[in-house]
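The values are calculated or read from the model by the stated rules, or taken from the named source; none is laboratory data. This one's a predicted model, so the numbers in the text were calculated from it and none came from an experiment. So basically every Cβ, Gly included, is an ideal-geometry build from the backbone, and we count neighbours across all protein chains shown.
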Amino acid sequence: MLTLFIFILISVSVVSALLFFNKGEKAQEIKSILKDIYENSKELFSNFKKLFLIVKDLIQSKLDQEPTQRKDESTESKTEVTAEPEVTPEPEVTPEPEVTPEPETFPTIESVNPSEDSINDENIDIKTE
């Protein structure tokens, strides 16, 4: 394999050297054709790159749409499956007696400090005497 690569490399370099140093009409024609081939191959690879990117975007968009369609299909199938409710026996619950808390009652204690009304009443009584 290595010998084949070396043979091709040497052959291309010999032909290139002959064309480079030859100033004849045929050599000029071969050079212009090789230059056209080189430019066309550059354009070809550029177009292949654009094509690859477009196809990649197309495939990516299809793959993005496909999971949503699968999700829709899966939800539809789930609704079909769950359309029949399962009957599960409920365990018996024994009722516990209800305990209602009694409200707490606090004894009312009259305040030690007399209210303002009672003070005012006493003042009125003292004045009238």
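Quick notes on this structure:
- Residues in the range 27-46 include none that are exposed (fewer than 10 other Cβ atoms within 10 Å of the Cβ), at pLDDT below 90, on the phi < 0 side of the Ramachandran plot and in a helix (DSSP H, G or I).
- Check on SER13, surrounded by 10 or more Cβ atoms within 10 Å (Cβ to Cβ), modelled with pLDDT of 95 or more, over 29 Å from the mean Cα position of the chain (by Cα) and in a helix (DSSP H, G or I): no
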